[in-house]
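Have a look at the structure below, then the notes.
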Amino acid sequence: MAERTSTGLLSMMLEPTPAVAMTLPAEVREKLAELELELSEGDITQKGYEKKRGKLLAPYIPQIQGVDPSLQIDNRIQASSQVVLPGTKHNKSRAANTRDERFRSDLHTEAVQAALAKYKERKMPMPSKRRSVLVQSSVEACTPPDTSSASEDEGSLRRQGRLATSTPYQGHGHPAVEHWFNRVIQGSSTSSSASSTSSHPGGRSVTTTNTTAHAALNANATATALADLMAHTQLDNHSAPPDVTGLSERSSLHAERPQVASVRGVSRGYNHQTSVMETADGSEWRGGGSLCLMDGVPVNSRVSSKIQQLLNTLKRPKRPPLREFFVDDFEELLDVQQPDPNQPKPEGQQMSPLEGEPLGVVTNWPPSLPAALQRWGTTQPKSPCLTALDNAGKPVYTLTYGKLWTRSQKLAYTLLNKLSTRNEPLLMPGDRVALVFPNNDPVMFMVAFYGCLLAELVPVPIEVPLTRKDAGSQQIGFLLGSCGVTLALTTDACQKGLPKAQTGEVATFKGWPRLLWFVTDGKHVVKPPKDWHPPIREASNDIAYIEYKTSKEGSTMGITVSHSAMLAHCHSLTQACSYTEGETITNVLDFKREAGLWHGVLTSVMNRMHVISIPYSLMKVNPLSWIQKVHSYKARVAVVKSRDMHWSLLAQRDQRDISLSSLRMLIVADGANPWSISSCDAFLNVFQARGLRPEVICPCASSSEAMTVAIRRPPEAGVPPPGKAVLSMSGLSHSVIRVDTEEKLSVLTVQDVGQVMPGALVCVVRVEGTPYLCQTDEVGEICVSSGSTGVAYYGLPGMTKNVFETIPVTSSGLPISDRPFTRTSLLGFVGPDSLVFIVGKMDGLMVVSGRRHNADDVVATALAVEPMKFVYRGRIAVFSVSVLHDERIVVVAEQRPDASEEDSFQWMSRVLQAIDSIHQVGVYCLALVPANTLPKAPLGGIHISETKQRFLEGALHPCNVLMCPHTCVTNLPKPRQKQPEVGPASMIVGNLVAGKRIAQACGRDVAQLEDNDQFLYIQDVLQWRAQATPDHPLFLVLNAKGTVASTASCLQLHKRAERVAAALMGRLNTGDHVALVYPPGIDLIATFYGCLYAGCVPVTVRPPHPQNLATTLPTVKMIVEVSKSICILTTQAIMKLLKSKEAAAAVDIKSWPMVLDTDDLPRKKSPQMYKPPTPEMLAYLDFSVSTTGILAGVKMSHAATSALCRSIKLQCELYPSRQIAICLDPYCGLGFALWCLCSVYSGHQSILVPPLELESNASLWLAAVSQYKVRVTFCSYSVMEMCTKGLGSQTEALRLRNVNLSCVRTCMVVAEERPRISLTQSFSKIFKDLGLSPRAVSTTFGCRVNVAICLQGTAGPDPTTVYVDMRALRHDRVRLVERGSPHSLPLMESGKILPGVKVIIANTETKGPLGDSHLGEIWVSSPHNATGYYTVYGEEALHADHFNTKLSFGDTQTVWARTGYLGFLRRTELTDANGERHDALYVVGSLDETLELRGMRYHPIDIETSVIRSHKSIAECAVFTWTNLLVVVVELEGSEQEALDLVALVTNVVLEEHYLIVGVVVVVDPGVIPINSRGEKQRMHLRDGFLADQLDPIYVAYNM
């Protein structure tokens, strides 16, 4: 803990301890207070704060010897808590009045601390973050040069004895975290050894695996040990993860390790025999080799230990178990939260409406506000009206009533008579005019406001737009547009400061109408002629002014106030506040709207009062300014917000000589806020000694719509004493008032806001639905009926009716009055003595599963968790977002730059616990953003709706995120229970399955033989062609430039094959396996036939990538070993590479078999060709790594090879005169067949385009297709993607190069997956301009058991597309829906079934046949099926049923192969070439890939598609499951600061669209998700990489 104490020492030196503080001069202390204030409001960065503070204190602080001055940072964390010097009394008082006061009474803090004490034990896994994401500018500033980048502790001094380099987590933040995990893990029940790689407290990093735990388990006891482990660790429905570290370590003890580790158990997911274990809740856990990486590296436990922790936090039962709720046949119904029968219900009488005292009659009350101005302007011209102050607090200008009157007249005259367009006056009475005045210029605003009133124009005061992108300024633009504003009034200084366009005019702001800007203090304002007088009329119902208001959603409305309402409101305020003529009032509020306008601009003129206007900018510099002004002007009334009282508490110690005894009313404008009470109390405690009388504090409640609703009267009014209520939070969440006595933890203390306004009728109504009157102990929305409320929302008649014309009714449905009421958007009740109490605002109301929570209360709770250390107070936003049919609470706070990662994370977890315990509601997402990045409201504070908008758009850029969907989301559909299937007997009635035909289809018959079909062996065909058509060109290979790199005619190919055969015959025996490691080209083809000539079995292998040996070479090695190849044939270059030093780092190069290079073979003929005894003999092996990471080799016999070629020839009508272009990898599957076999069989010419060449020339393939006028072409998805991404914008350039694709009849994508419709469609769309027919693009389908099942070919109907319901699909059902309907998923037919191929759909469990349009496994029977897997294990029995299986009933004779893919057949209206109705095969996805979650079957691609759609910066996504948790990996294509934005968006979209909770979100760099040659994601490799901590993620979020 060395650095703790040292930073403590530093902070002691820098935080002027009280002894030092007393010696600081007063002005320094004042400046320090200002700085503190700016920091707390987020107006200055931490860095700036430290710099300025350091400067101020430098003369008073002795330098500490030998400490780097950069370390002398104020660490306010310890300042208040750890360094208490003995004998300093002042320290105590200081701590008591720190900034936290504003938001809470001490009660709340105690409650929060008590609540947290309960939770001490719960630990959550901390997210891991790449170092670069942590760096905010200011972190660097305080890191001394010698620290390791990995350590993020507060003091950043290197710990003794730990070598920074030895921590195995270089990229991931700091060791302390690991140490913390370690503590947690050791306490967890299931994982004895999961902490193997945590760095132990001993200060060294221990990387050896904790073997003692496994001493008892010897290698072959693995299975039983695992079974035990599973049996012992089943924890309420979350089966514990098997102990990863243990497992991997044991498997690395096996003797035949390389094979075990590498082949990853070729078992398929749907064999429940050996390698798949079912855990208790039915989810599969694939054991065995899949936990080891290829070279047997044990899975590093860092990630798995975090996941283990996550599971430990999840398995604690969080909420009471949900009731059962039923699942409809198709619709998965979300759980509808039933109200709890024990919840509190209101029991009181129905409330009776409350009437304010009648409005008194005043004898000489002016008939309108302009009339009042005229009276005072002419009879008392010298009387002061308004004093403006500068930022030093000095009076700049005092506006007298005479001046206000004359200047307003001038402006009114100018506006009406001197502004014209095309000789028409620009403005007519009743037109709306924008008032754009800065907050430090009240004088000009007042002149402009009254000028408009005198000219009978309608002023619309708005904020000064500072930048073109101000928070909410677009909405203001909509308001101005809808009000028809064409002119904006402003001051000269303000106009100069506005952003300008190139022309020098004021820029048009986003969403604003075109405005003319008029400067009110310029030379254009002219004196009216003697005979012109403004019309002074009686107050009418015409609009006087429009006040703007921003709604919860962020839209801006204009509230219209009529002349009569404005006058009546002035009257009732005058009466309620007992205003008298000539009083002095200080106003700290915004004079443009609400209380600042009502008291400081309108009512003040009515009563000829003198207003001292205190600008916000002065308050920031000197928070005491308003108190000093009350003192110096002997003000009788002050209008403030609780924030102003709170600020002045911080600075008051320096002021001895102020007196507040002149105040008779301190109006607290936001007295309705839950935290205003603590500010009022604290303020009174301090200032009572300075003459402040307790009864002077008058909280009031108001809203833009209803204006002032209630205000506590000054003491002389003879009113009952003020009241306080301590209410139960849980009662309030059910809208019930329960005075809480015993349970101190979750209570809300509120103060009254006084009595109803004079002349008003007030009632409380239910918030939702019909406005019924509430009962006396029920919280509702307060409604007011009086002559002094707003009239309407300008231009919004519908909303106006709802808000301004509400008719409250009694429980029997009768209206309580014939007058309409205005809804105030205040939530509250009427307490004893007819006092009004407010408990929240509609804007801050969050209804979560039927219970109401107030955003302000949640803020208060968050702040009570020792906030000053980690976040800025006053910079916390709480709002709710709707996810999965309920509101979810989101908390966003600004993090202090000096808070370390771990501290912030701890703070976040404590906030979650505090809110959970006090409000009994879960927080869905808690995000910390860097200081000063939240959008600000005009006068400080946070712009909530803009923050919410950014959160939903993924533009908040947090630096820390904690999501807790597991605790919040309690309305997921019930997990599905599998229904027992109907037995076979009841289904078989002839061929009808319950009224449906059995789903079965076949391609054309292949009975008739053609010329070369008598050849059973493909090598015979080559020899025959070499004699019959020796010079016929078969192959043409193109290079990146598009020129021909090499060609081969029939004879040339035959000759080259002979040379290879000759070289092999002496060295190898017949039947030996030979690995061919060649780049795509003619060598590969020639050596393939050479092997067949010599009687060897060829195995084609993709060569290793020279730049990426570490990952590609082990795969080569693995295939060579698994295929038992005796010899490797390759080129000289690759041969060198295989034996190079770099290769030695990746594999054991000594164990390669014999390697021959075929570059310069002697020209000699082999003695004689080998003739296989039967066509069933093995011709070649086809090895491919499946998407689940399983390496599977299949055996192809000579007969199957010829049959495959014949089917393709028939389907594509291939003849020697044809040319086809192939852009595929030639190593496995259909790609290999098209590249190496088909041309030789059918005699057509193949133009071969190696896909790798497209990386340097994306247009290569399409240019070749165009140049050779190819009718049939094949490609892969990766090629198609390269073309769409790389050439999307270049179609014009290609057209100019004469690329024309109109020749293409069919372009087929070779795939082993569900067709990617969006990709094929965008490809068709982009290249439509180059003549590509929209009908040309189609897909093929093959798999391991049969490499070509479907292929569109040249004849037959176009592929069809159907839309299925994704939710039904999860239940293994097909439900066809219309295009565009919700949850619809488009599926495209995978081409036509090949000749000779029969397909049937079978039930995966019962193995019975299924009906048309039913989802099941696709089974295939054809002469070109592979004959079996070729694996090292020889466990043929295990996979026998993949290749020869029979139906359990129906046609039980035919032998089928199981493809391992789910799909369905559907008979269409189209006709096939043979005149039959066409059966379309739709592939849904691989069974191996599917995720079993919540009893349903998910296809990863569906979840991934949703995720990719959720944010523009997500380039790619892959999902997999680990121990029941869904892990989502996203590639971030954008700046790293966006990484954390993705966490919430990903979680939201998966919940909304798939009803799944994401367990872990991993954000990685582009290109991290591995894909194979076919462009398919290798999700299992990714999973292994994640668990072994090899992805170097930017951020990993563990959702709670």
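The values are calculated or read from the model by the stated rules, or taken from the named source; none is laboratory data. All figures in this text were calculated on a predicted structure; none of them were measured in a lab. Virtual Cβ from ideal backbone geometry, glycine too; neighbours counted across all protein chains shown. Surface areas here come from the heavy atoms of the whole protein model, side chains and all, with no ligands, DNA or RNA. Shrake-Rupley method; radii C 1.70, N 1.55, O 1.52, S 1.80 Å.
Please give the contour-minus-distance gain from His1105 to Phe1449: 0.36 nm per residue of separation, less the Cα-Cα distance, rounded to one decimal in nm.
Result for the pair: 118.9 nm of gain on full extension.
Quick check: pseudo-label points 7 Å beyond the Cα along Cα→Cβ at Gln502 and Val1155, how many nm apart are they?
Label-label distance for Gln502 and Val1155, simple model: 6.3 nm.
In the range 475-536, what percent of the accessible surface is made up of carbon and sulfur (1.4 Å probe, ligands and nucleic acids excluded)?
On the way: 1900 of 3460 Å².
Solvent-exposed carbon and sulfur of the range 475-536 make up 55 percent of the total.
Would the range 1242-1331 count as rounded, prolate or oblate if I go by the C-alpha gyration tensor, calling it rounded below 1.5 in a/c and otherwise prolate when a/b exceeds b/c, oblate otherwise?
On the way: a/c = 1.35, a/b = 1.04, b/c = 1.30.
Rounded, since a/c falls under 1.5.
What does the highest-first list of 591-599, 838-846 look like by mean Cβ count within 10 Å?
In descending order of packing, they fall as 591-599, 838-846.
I'd like to compare 1094-1100, 431-437, 1362-1368: which one has the highest average count of other Cβ atoms within 10 Å, and what's the full order after that? The partial results should precede the final answer.
Details: 1094-1100: 25.0, 431-437: 23.1, 1362-1368: 19.9.
The packing order, highest mean first, is 1094-1100, 431-437, 1362-1368.
Would you compute the Debye intensity of the range 1503-1544 from its alpha-carbon atoms alone, equal scatterers and no solvent, and pass along log10 I(q)/I(0) at q = 0.28 Å⁻¹ to two decimals?
The Debye formula, applied to the Cα set alone, gives -0.99.
Cβ neighbours within 10 Å, averaged per peptide: list 1248-1260, 403-415, 1021-1033 in order, most packed at the top.
On the way: 1248-1260: 19.6, 403-415: 22.1, 1021-1033: 16.5.
Answer by packing, highest mean first, reads 403-415, 1248-1260, 1021-1033.
Averaged across orientations, what area in nm² does the convex hull of the alpha carbons in the range 748-787 project?
On the way: hull surface 15.2 nm².
Computing the convex hull of the Cα atoms and averaging its projections yields 3.8 nm².
Say the cut-off is 27 Å between C-alpha atoms; which of Lys410/Lys549; Lys1041/Lys1328; Lys52/Lys634 go over it?
Working: Lys410/Lys549 30 Å; Lys1041/Lys1328 24 Å; Lys52/Lys634 35 Å.
Pairs exceeding the cut-off: Lys410/Lys549; Lys52/Lys634.
Go ahead and run the numbers for FRET between Met428 and Met799, Cβ-Cβ distance against an R0 of 22 Å, rounding to 0.05. Intermediate values should be presented prior to the final figure.
On the way: r = 27 Å, r/R0 = 1.23.
Computed FRET efficiency for Met428 and Met799 comes out at 0.25.
Could you tell me the calculated FRET efficiency between Cys1303 and Glu1213, based on Cβ-Cβ distance and R0 = 22 angstrom, to the nearest 0.05?
On the way: r = 15 Å, r/R0 = 0.69.
With R0 = 22 Å, the Cβ-Cβ based efficiency is 0.90.
In whole Hz, with x marking every Gly and Pro, tabulate ³J(HN,Hα) for the range 897-910 from phi via Karplus 6.51 cos²θ - 1.76 cosθ + 1.60, θ = phi - 60°.
These are the phi-based 3J(HN,Hα) values: x, 8, 7, 6, 3, 5, 4, 4, 4, 5, 4, 4, 5, 6 Hz.
Applying the Karplus parametrisation 6.51 cos²θ - 1.76 cosθ + 1.60 with θ = phi - 60° to the phi angles of the range 1446-1457, what ³J(HN,Hα) value in whole Hz is obtained for each residue in order, glycine and proline being reported as x?
10, 5, 6, 8, x, 6, 8, 8, 4, 8, 10, 10
With a ≥ b ≥ c taken as the square roots of the eigenvalues of the C-alpha gyration tensor of the range 354-404, please select rounded if a/c is under 1.5 and otherwise prolate if a/b is larger than b/c or oblate if it is not? Intermediate values should be presented prior to the final figure.
Values: a/c = 4.04, a/b = 1.63, b/c = 2.47.
Judged from the Cα gyration tensor, the range 354-404 comes out oblate (a/c at least 1.5, b/c at or above a/b).
To the nearest Å, what is the center-to-center distance of the range 942-960 and the range 644-723, using C-alpha atoms only?
The distance from the Cα centre of the range 942-960 to that of the range 644-723 comes to 34 Å.
Under a 5 Å amide H to amide H cut-off, with H placed in plane at 1.01 Å, what residues pair with Val1564 once short-range neighbours are removed?
Val1530, Glu1531, Leu1532, Ile1594
Give the Rg (one decimal place) followed by the Dmax (whole number) of the range 1355-1427, computed from C-alpha coordinates and expressed in Å.
Cα-based Rg and Dmax for the range 1355-1427 come out at 14.4, 44 Å.
For the charge dipole of the range 1447-1600, defined by +1 on Lys and Arg C-beta atoms and -1 on Asp and Glu C-beta atoms about the Cα centroid, which residue among Leu1493, Gln1578, Thr1452 has the Cα displaced farthest towards the positive pole?
Thr1452
Using the basic label-point model (7 angstrom from Cα toward the beta carbon), what is the Gln1321 to Thr1070 distance in nanometres?
Output for this residue pair reads 5.6 nm.
What does the charge add up to near Phe804, with Lys and Arg as +1, Asp and Glu as -1, over the other residues with Cβ less than 9 Å from its Cβ? All intermediate terms of the calculation are to be shown ahead of the outcome.
Details: positive: Lys801, Arg823; negative: Glu705, Glu805.
With Lys, Arg at +1 and Asp, Glu at -1, the neighbours total 0.
Starting from the amide H of Ser735, placed 1.01 Å from N in the peptide plane, find each other amide H under 5 Å away whose residue is 5 or more places distant or on another chain.
Arg852
For Lys1446, which lysines qualify as cross-link partners when the Cα separation must be under 16 Å and same-chain residues fewer than eight apart are set aside?
Counting by Cα, and skipping residues close in sequence, Lys1446 has these lysines nearby: Lys1398, Lys1407.
In the structure shown, do any of Lys394/Lys523; Lys1512/Lys1577; Lys496/Lys592; Lys1117/Lys1165; Lys801/Lys841; Lys974/Lys1577 have a Cα-Cα gap over 23 Å, and if so which?
Details: Lys394/Lys523 27 Å; Lys1512/Lys1577 20 Å; Lys496/Lys592 21 Å; Lys1117/Lys1165 31 Å; Lys801/Lys841 20 Å; Lys974/Lys1577 31 Å.
Lys394/Lys523; Lys1117/Lys1165; Lys974/Lys1577, as the Cα separations exceed 23 Å there.
In whole angstrom, note down how far apart the Cα centers of the range 1367-1413 and the range 414-473 are.
66
Does the range 1048-1133 classify as rounded, prolate or oblate by the C-alpha gyration tensor (a ≥ b ≥ c root eigenvalues; a/c under 1.5 gives rounded; else a/b over b/c gives prolate, otherwise oblate)?
Values: a/c = 2.67, a/b = 1.41, b/c = 1.89.
Since a/c reaches 1.5 but b/c is at least a/b, the shape of the range 1048-1133 is classed as oblate.
Report the full-extension gain for the segment Lys51 to Thr1354: residue separation times 0.36 nm, less the Cα-Cα distance, to one decimal in nm. Before the final figure, lay out the partial values.
Working: separation 1303, 0.36 × 1303 = 469.08 nm, distance 7.55 nm.
Using 0.36 nm per residue and subtracting the Cα-Cα distance, I get 461.5 nm.
Hey, can you grab everything whose amide H is under 5 Å from the amide H of Leu1556? Only 5+ residues off in sequence or another chain; H modelled, so Pro and N-termini drop out.
Leu1551
In whole angstrom, note down how far apart the Cα centers of the range 1509-1543 and the range 1564-1597 are.
If you average the Cα positions of each part, the centres end up 11 Å apart.
Does a label point 7 Å from the Cα of Thr770, set along Cα-to-beta-carbon, have any residues of the range 790-810 with amide nitrogen under 19 Å, and which are they?
Backbone N within reach: 802-803, 805-810.
Please list 3J(HN,Hα) in residue order for the range 1142-1148, calculated via the Karplus relation 6.51 cos²θ - 1.76 cosθ + 1.60 where θ = phi - 60°; whole Hz, with x for glycine and proline.
Per residue, the Karplus-derived 3J(HN,Hα) values read 5, 5, 4, 5, 9, 9, 7 Hz.
Can you give the accessible area per residue of the range 1033-1150, in Å², using a 1.4 Å probe?
Values: 4440 Å² over 118 residues.
The answer is 38 Å² per residue.
Given that compact globular proteins tend to follow 2.2 N^0.38 Å, what is the ratio of the alpha-carbon Rg of the range 1110-1254 to that value? Before the final figure, lay out each step's value.
Values: Rg = 17.7 Å, N = 145, 2.2 N^0.38 = 14.6 Å.
Working it through for the range 1110-1254, the quotient is 1.22.
Sequence neighbours fewer than 8 away in the same chain don't count; with that in mind, list the lysines whose C-alpha is under 17 Å from Lys510.
Within reach: Lys469, Lys500.
Counting Lys +1, Arg +1, Asp -1, Glu -1, what net charge surrounds Ser1151 among other residues with beta carbon under 12 Å of its beta carbon?
Details: positive: Lys1117, Lys1139, Lys1150; negative: Glu1121, Asp1148.
It works out to a net charge of +1.
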